[in-house]
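S.K.: Please read through the structure below; I'll follow up with questions.
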Amino acid sequence: MKEFPCQLYLISPLEVGGEFPGRLEAALAAGAVAAFQFRVKDLDQHEAAALAEPLQAICAAHDVAFIVNDSIALAKRLKADGLHLGQRDGDVREARELLGRDAQIGVTCHNSRHLAMEAAEAGADYVAFGAFYPTATKTVEHVADLDTLQKWSFVTEVPCVAIGGITPDNAKPLIDAGADFIAVSGAVWNHPQGPAEAVKAFNALLA
């Protein structure tokens, strides 16, 4: 039996300028969100920090963890709540040394419990499995299955995140399989009624 219910973990689109801060505010005001991952590509650290700072302030106002994707240096510069690492983005132990014991560090583990166990042993606070469904957010190289979530939840207390093409219509099997968080991007930011309605829909499912 899981100690805590499954929670919502938002991942940013690649474009986070312009009107996006208002869209994030609307999403976080609409319902419970545990974390927001700042995920941008091909920007220097100064540009990324300038985009991140207003979003970080919105997250802080709603008591939502602000997680930086990929960059240990940017996470340290922003004093972010945490960092998410891909398999080629850095070492958990190095990140822990630089960011401190309170930082929430997560690692992408595709469909591999072996990679997840290595990450957990290195001190990761959570592991992420996916993609579970087709997604347009990023190129899918690894497909995950429910068995991975079920077995991971059975053998360890390290939280796991399910990611990849998740919508309110297909999330329930992942929740039932033991996901501690469902990570969503396109299903929120591209929702036809806007991100607030998407968050409400996910919250109704998670409740």
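None of the figures in this text is laboratory data; all of them are computed from the coordinates on show. It should be emphasised that the depicted structure is a prediction, and the values quoted were computed from it without experimental measurement. In this analysis, Cβ positions are derived from the backbone assuming ideal geometry, glycine residues included, and neighbour counts consider all displayed protein chains.
S.K.: Kindly rank 194-204, 46-56 from highest to lowest mean number of other beta carbons found within 10 Å of each residue.
M.R.: The densest-packed peptide leads the list: 194-204, 46-56.
S.K.: Return, ordered by residue number, the residues of the stretch 171-207 whose backbone nitrogen is under 15 Å from a label point located 7 Å along Cα→Cβ of Ala26.
M.R.: The answer is 187-201.
S.K.: Just to be sure I understand: with springs between alpha-carbon atoms less than 10 Å apart, which residue in Gln150, Gln104, Gln37 has the highest mean-square fluctuation in the Gaussian network model of the chain?
M.R.: Answer for the Gaussian network model of the chain: Gln150.
S.K.: Under a 10 Å cutoff between Cα atoms, tell me which one of Phe154, Phe36, Phe66 has the largest fluctuation in the Gaussian network model of the chain.
M.R.: Most flexible of the set in this elastic network: Phe154.
S.K.: Report the chymotrypsin sites (Phe, Trp or Tyr not before Pro) located in the stretch 78-144 that are in a DSSP loop and have at most 10 other Cβ atoms inside 10 Å of their Cβ, or state none.
M.R.: Nothing satisfies the criteria.
S.K.: Quick one: if you stick a label point 7 Å off each Cα along the C-beta vector at Ala122 and Arg88, how many nm between them?
M.R.: The modelled label-to-label distance comes out at 1.5 nm.
S.K.: Kindly identify the chain as rounded, prolate or oblate by the Cα gyration tensor criterion: order the square roots of the eigenvalues as a ≥ b ≥ c, call it rounded if a/c is under 1.5, otherwise compare a/b with b/c, prolate if a/b is larger, else oblate. Intermediate values should be presented prior to the final figure.
M.R.: Working: a/c = 1.56, a/b = 1.07, b/c = 1.45.
Oblate, since a/c reaches 1.5 and b/c is not below a/b.
S.K.: For the stretch 55-205, what is the relative contact order in percent, using Cα pairs closer than 8 Å and at least 6 residues apart in sequence?
M.R.: Details: 257 pairs, mean separation 21.2, N = 151.
Contact order relative to length: 14 percent.
S.K.: Which one of Leu149, Leu115, Tyr126 is farthest out on the positive end of the charge dipole of the stretch 106-162, using unit charges on Cβ (Lys, Arg +1; Asp, Glu -1) and the Cα centre as origin?
M.R.: Among Leu149, Leu115, Tyr126, the one farthest towards the positive end of the dipole of the stretch 106-162 is Leu149.
S.K.: Shifting gears a bit: Mind checking the dipole of the chain: about its Cα centre, +1 per Lys or Arg Cβ, -1 per Asp or Glu Cβ, Debye to the nearest 20?
M.R.: Roughly 120 debye for the chain.
S.K.: What distance in nm separates the simple spin-label points at Ala61 and Gln45, each placed 7 Å from Cα in the Cβ direction?
M.R.: Each label point is offset 7 Å from its Cα along the Cβ direction, giving 2.8 nm.
S.K.: Taking Cα centroids, how far is the stretch 163-193 from the stretch 73-144 in Å?
M.R.: The stretch 163-193 and the stretch 73-144 have Cα centres spaced 18 Å from each other.
S.K.: Where does the chain land at 222 nm, in deg cm²/dmol rounded to the nearest 500, when only DSSP H runs of n ≥ 4 count, each adding -39500 (n - 2.57), divided by all residues?
M.R.: Numbers: 9 runs with 85 residues, N = 207.
When only DSSP H runs of four or more count, the value is -12000 deg cm²/dmol.
S.K.: How do Leu28, Leu98 line up, fewest other C-beta atoms within 10 Å first?
M.R.: Leu98, Leu28
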